[in-house]
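Down below is the structure, laid out as structure tokens.
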Amino acid sequence: MTLHHLLLGRLDLHALPFWTMIEHPTHETIVNGTITTAAAGLEVLAAIVVIALVTRAGKWRYLWSEWLTSVDHKRIGIMYIALSFVMMSRALIEAALMRTQQAFGLGGGFLSPEHFGELFSTHGTIMIFFMAMPFLTGVINFAMPLQIGTRDVSFPVMNSVSLGLTTAGAMMIVISLALGKFSTGGWSGYPPFTEAAFNAGVGPDYWIWAVTLSSLGTMMSGINFAVTIYKRRAPGMTFMRMPLFTWTALCTAILMIFAMPPLTVATAMLALDRYLDFHFFTNGSGGNMMNYANLFWLFGHPEVYILILPAFGVYSEIFSTFSGKLLYGYTSLVLATMAIAVISFAVWLHHFFTMGQNASVNAAFGIATMLVGIPTGVKIYDWILTMFRGRVRFTVPIVYGLGFMMLFVLGGLSGILLANPTLDYQVHNTLFLVAHFHNMLIPGLLFGMLAAYHYWFPKAFGFRLDERWGMISAVSWIVGFMLAFFPLYVIGAMGFPRRTVAYFDPVYRPWMLIALAGAAVVLVALASLFVQLFVSIRRREALAVPAGDPWDGSNLEWAIAAPAPEYNFSVIPDVSDRNPFMIAKQKGDAYQTPAEFQDITMPKNSPLGMALAVAGGALAFGLVWHIWWLVALSCLGVLVAIVGQGFARDCEKVIPAAEVRRQHEAWLRTVAASRAVPRDLEGEPANTGLAARDRFSQAAE
Amino acid sequence: MSRAKDVRHPGLRLGEGHPDVAADAEEMNFGFWVFLMSDAIVFALLFATYARMVSSVAGGLGPEALFDLKSITIETAALLASSFTFGMASLALKYARSPRPLVKWLCVTLLLAAVFLGFELHDFAHMIAMGAGPSRSGFASAFFALVPLHGLHVLAGCVWAIALMAQIAIHGIDKEVKLGVQRLGLFWHFLDIVWVVIFTVVYLGGLA
Ligand code: HEM
Ligand SMILES: [Cu+2]
């Protein structure tokens, strides 16, 4: 063991993205090396720019004390969503690169197979674990406690630890671009391909630890959300009075609690195989990769409902709010949500119909899979009937919603096809499948989250998002998605395998070119989102909604100022029915001064989340590169941080009643000074967050 | 956070002086129960893996040749007794006027846990010496994932108990310590149940 090994493990110059092309300059290494180097350079540059900007603005202390160590559920939610946007940008650029490769992939193309493998693996892993999961976790974090009328989640410090671990996992993928290579084993990391025998490098290790960190964070989020919903609902908020988004958050939390352990077990076993020469999934010595397939999809299928249910909740809020009608079939929507959550544990085998079990087993799981279509269909009809005879306002969220409803049904139909094992034998592992799951995830999950971003943004920051750029973005997403993925159904049915870098039959080419155009439109959609944010920040005075209710909402989150105060509610509301704020507005008892204000106890900031993010990230990095001193040191760090937390006392601060009263009265003065706007002016500067009551207002009866 | 009085943790009453303990216990302990459910899934999956791989010995030694019932009986006795002594610690938390009995029973529990861990390590060393270390076969891998994971949990419980005693030394028996002892109790008895299943499925099943 040399000194180098002792200090840096297997980290050396070969880890740099341009090293291979310097050592072995061929056409292929130069093209691929240049692309990776440019991407890594961009990443490093972006990091430097951000650090420089924060330093120049002198904002480090602000960042630390107001954000990084904050345990406020709203701030944590916002940070989750920010992480999600950053990671989404990278994954979409990778997607466009893959589309470009395949558009020119007739007879070769410009990317090496390994490079293509890294691209779909990082793209898939990021999209699922570091785009979708942070997005929905962020939205739940932000909105759910407001909806149930509480001041924070049950375990605020653990909440910030969840965020820290997720971020540390995301950093592993970020670092892997600049140092070493990522896995080529896809987002599912199937052994034996990812075993040390076939893949001795750092790639699968990066994947293992990134995913493990994120799954631990998610498991804790699940516990936090479930306990919050069970124990912290405002007085009178019975289960059947909860807003539908909160219901989906609850089901998602339960799925997280039960579905993350299989993933943790699977990645831990794979790690044991790779690091300590265990034989869980190896080819020889009694290993059996089928165990991995079962464990992974025991997580993987419930995971897709973790991804989709919160979006269903968002759509339920949006269709009702922007149609000016109560949600149709609340009870059936609740039951359908629960049904989906339960069935989701009984279908995992449809991910490997072709992997050796007998026809009867396949048939059973195929039927179980088709059953999911029933509760989902119920939901679609409920939403349609919610809009029926409503006064539908074509705002950005509802455009996403309508795009979702049409496209998602198509994706669901292709899913029913795939649920038939005999058919699945024909198209499994082709681009047909890729088209199917993007058809579920993009309209289902992503549109839902973007709609939620528009819907609740004013509550977070006090001003609306620019409608025009929002519309450009929404339409681009919808059109771009259709162009990028409908062709894949066709080439998939023609037999084009997924995860394939190049092809030799020109018949695929035209479809690939259309898909490339789609990817370009999607990039426009992404860029428009950023432009929209920028424009909205500049126009924030004109878009401000300080009175707090820009959409004529019906749940508790709209009954408070925008941005929401740190403690959410000056006094905890008493709930006597569904849609409490709508009822209050109708009866004219909204915007009251409570008889009495009380001191409010809130949790103090905690550095634990950051400490564990750093220690967890260092631990993962050390494990990837076999830097054992770093592993030992960071294990010690984790231990000290966790044990030390037990000694913390005096973790709460008090906001005096007088201060609460002052803020509350200031807000009521703003409300009194606001002009109540009718819904036609919703998108105009006149909308300062006070909704007029007129014949189009939602009726609560 | 003083919350509505009607939500009360149904477990041990925690005495005067901390009226809000019960309200906090409600949330804390429920959260810990939920965590235990998640942890139970981890063990369930490892049991399933073990059941699936117990015959994948790849030409090596199987359970009958490797397990030593005597040492396992001692381990089991020590761990079950430690659950009893932890129960005594919980009673001390409830009734005793000074921290001494609580600390005493926690120490006895730790001692029993040390006996358990010592014998368990001895078992593992024995298996490895017989050439059945984790890299020998699928069966050995499954065994060495399941049983030592339980051992690691016990070790973590010990660290927790020591940390709690240090907290008692610094802060006395305050709200946090009370809630900590309650949750550690849940954890400890949970590990006992897991061990009973290990004893039955892995050891008795293997020797039967
Ligand atoms: C909207 C633009 C998107 C484009 C153009 C795109 C494109 C692609 C491409 C080209 C692949 C590789 C297909 C192959 O195997 O040959 C892929 C795989 C994948 N994508 Fe996307 N994608 C997009 C969005 C998303 C989103 C929003 C998600 C998830 C929320 C997602 C999740 C995945 C996953 C899980 C894989 C599989 C990776 C693997 O094979 O392991 N993608 N995508
Ligand atoms: Cu599935």
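The values are calculated or read from the model by the stated rules, or taken from the named source; none is laboratory data. Because the structure is a prediction, the values reported are computed rather than measured. Every residue, glycine as well, gets a Cβ built from its backbone with ideal geometry; the counts of neighbours run over all protein chains shown. Note: areas computed on protein heavy atoms with side chains; ligands, DNA, RNA excluded. Shrake-Rupley method; radii C 1.70, N 1.55, O 1.52, S 1.80 Å.
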Ellipticity estimate at 222 nm from DSSP helix runs (n ≥ 4, -39,500 (n - 2.57)) divided over chain A, nearest 500: -21500 deg cm²/dmol
Given a cut-off of 31 Å, name the pairs among A:LYS59/A:LYS231; A:LYS74/A:LYS325; A:LYS59/A:LYS181 whose C-alpha atoms lie farther apart than that in the structure shown. A:LYS59/A:LYS231; A:LYS59/A:LYS181
Kyte-Doolittle mean at least 1.0, axial Cα span of 27 Å or more - DSSP H helices of chain B: B:21-53, B:100-129, B:138-171
Partner chain Cβ atoms within 10 Å, averaged over the residues of B:33-40 - can you pull that number for me? 5
Go ahead and set up a Gaussian network model of chain B, Cα springs under 10 Å, then flag whichever of B:LYS178, B:LYS104, B:LYS70 fluctuates most. B:LYS70
Quick check: pseudo-label points 7 Å beyond the Cα along Cα→Cβ at A:ILE48 and A:VAL571, how many nm apart are they? 5.8 nm
Two-site label geometry, A:LEU385 and B:LYS70: point separation in nm, points 7 Å out along Cα→Cβ: 7.3 nm
Convex hull over the alpha-carbon atoms of region A:181-284: what's its volume per residue in Å³? 105 Å³
Global geometry of region A:394-462, whether rounded, prolate or oblate, following the gyration tensor of its Cα atoms and the 1.5 cut on a/c: prolate
Inter-chain shielding of A:269-282 (mean C-beta neighbours from other protein chains, 10 Å cut-off): 4
On C-alpha positions alone, give me the angle between the axis of helix A:396-418 and the longest principal axis of chain A, in degrees, nearest 10. 40 degrees
Compute the helix-to-body angle for A:203-231: its Cα long axis versus the longest principal axis of chain A, expressed 0 to 90° and rounded to tens. 20 degrees
Listed residues B:ASN29, B:ILE170, B:VAL154: farthest to the positive end of the dipole of region B:18-207 (Cβ charges): B:ILE170
CD proxy, 222 nm, chain B: helix-only mean residue ellipticity via -39,500 (n - 2.57) per DSSP H run with n ≥ 4, per residue, nearest 500, stands at -25500 deg cm²/dmol
Expressed per residue, the solvent accessible area of the protein assembly as shown in Å² (1.4 Å probe) is about 39 Å²
Report the calculated FRET efficiency for A:LEU16 and A:VAL342 (r = Cβ-Cβ distance, R0 = 35 Å), to the nearest 0.05. 0.10
Which distance in nm do the two modelled labels at A:ALA197 and A:ILE374 give, with both placed 7 Å along the Cα-to-Cβ direction? 4.5 nm
dims of region A:47-145, Cα set, principal axes, largest to smallest, nearest Å -> 55, 36, 17
Shielding by partners, peptide A:196-209 (average Cβ within 10 angstrom, other chains): 0
Which distance in Å, rounded to a whole number, links the C-alpha centroids of region A:599-655 and region A:536-551? 37 Å
Report Rg/Rh for chain B, rounded to two decimals, where Rg is the Cα radius of gyration and Rh the Kirkwood radius. 1.05
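Just how many pairs of Lys in region B:18-207 have C-alpha atoms closer than 16 Å, counting pairs that are eight or more places apart or on different chains?
Taking the Cα cut-off of 16 Å, the pair count is 4.
How big is the B/A interface in buried accessible area, both sides summed, 1.4 Å probe, to the nearest 100 Å²?
Working: alone 10740 and 27930 Å², together 35690 Å².
Chains B and A together bury roughly 3000 Å² of accessible area.
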For region A:39-111, which trypsin sites (Lys or Arg not before Pro) are both in a DSSP coil and crowded by at most 13 other Cβ atoms within 10 Å? A:LYS59
Please give the peptides A:579-588, A:604-613 ranked by average Cβ packing (other Cβ atoms within 10 Å per residue), highest first, as a rough proxy for protection. A:604-613, A:579-588
Cα-based helix-to-principal-axis angle, A:467-493 vs chain A, degrees rounded to 10: 40 degrees
Pick out which of B:ALA89, B:ALA23, B:ALA140 has the largest mean-square fluctuation in a Gaussian network model of chain B, springs linking Cα atoms closer than 10 Å. B:ALA23
Give the shape of region A:164-207 as rounded, prolate or oblate, defined through the alpha-carbon gyration tensor: a ≥ b ≥ c are the square roots of its eigenvalues, a/c under 1.5 means rounded, and otherwise the shape is prolate if a/b is larger than b/c and oblate if not. prolate
Taking all protein chains as present, what is the carbon and sulfur share of the accessible area of region B:18-207, in % to the nearest whole number, probe 1.4 Å? 73 percent
Computed from every Cα-Cα pair in the protein assembly as shown, P(r) in 10 Å bins starting at 0 and rounded to whole percents is 2, 11, 20, 24, 21, 14, 6, 1, 0
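I need the peptides A:329-341, A:14-26 ranked by packing, meaning the mean over residues of other C-beta atoms within 10 angstrom, with the highest value on top.
A:329-341, A:14-26
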Under a point-charge model restricted to the Cβ atoms of Lys and Arg (+1) and Asp and Glu (-1), what is the dipole moment magnitude of region B:18-207 relative to its Cα centre, in debye to the nearest 20? 300 debye
